[in-house]
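One structure below.
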Amino acid sequence: MANFRIWALGIALTLITAVISQGQFIFGAPGAVFIAPAAGAASFGYAMVRSRNEDKDTMEISAAGPGVNLAFAIFF
């Protein structure tokens, strides 16, 4: 399971660069997406479902983001 973790300093940097440059330059780094193990998913309110192959699931989740970016790059 993938989850987003917010980074307060990143949000502040985004706002500061946007205000100082009057919107001409925006450095956005509000957080990051992390791959959470299945055991940690329960703490986020998701039901525990044991995967038959957790390593394969983690690999597929990890490859999905770059794969979609590559597909968009080729398409556009």
- Item | Counted residues, the stretch 1-53 - those being in a helix (DSSP H, G or I), modelled with pLDDT under 70 and over 20 Å from residue 65 (Cβ atoms) | 3
- Go through the stretch 54-69 residue by residue and tally those that are at pLDDT 90 or above and surrounded by 11 or more Cβ atoms within 10 Å (Cβ to Cβ). 1
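The values are calculated or read from the model by the stated rules, or taken from the named source; none is laboratory data. Keep in mind that what you see is a predicted model, and the values were worked out from it rather than measured. A quick note on method: Cβ atoms are made from the backbone with ideal geometry, for glycine too, and the neighbour counts reach across all protein chains shown.
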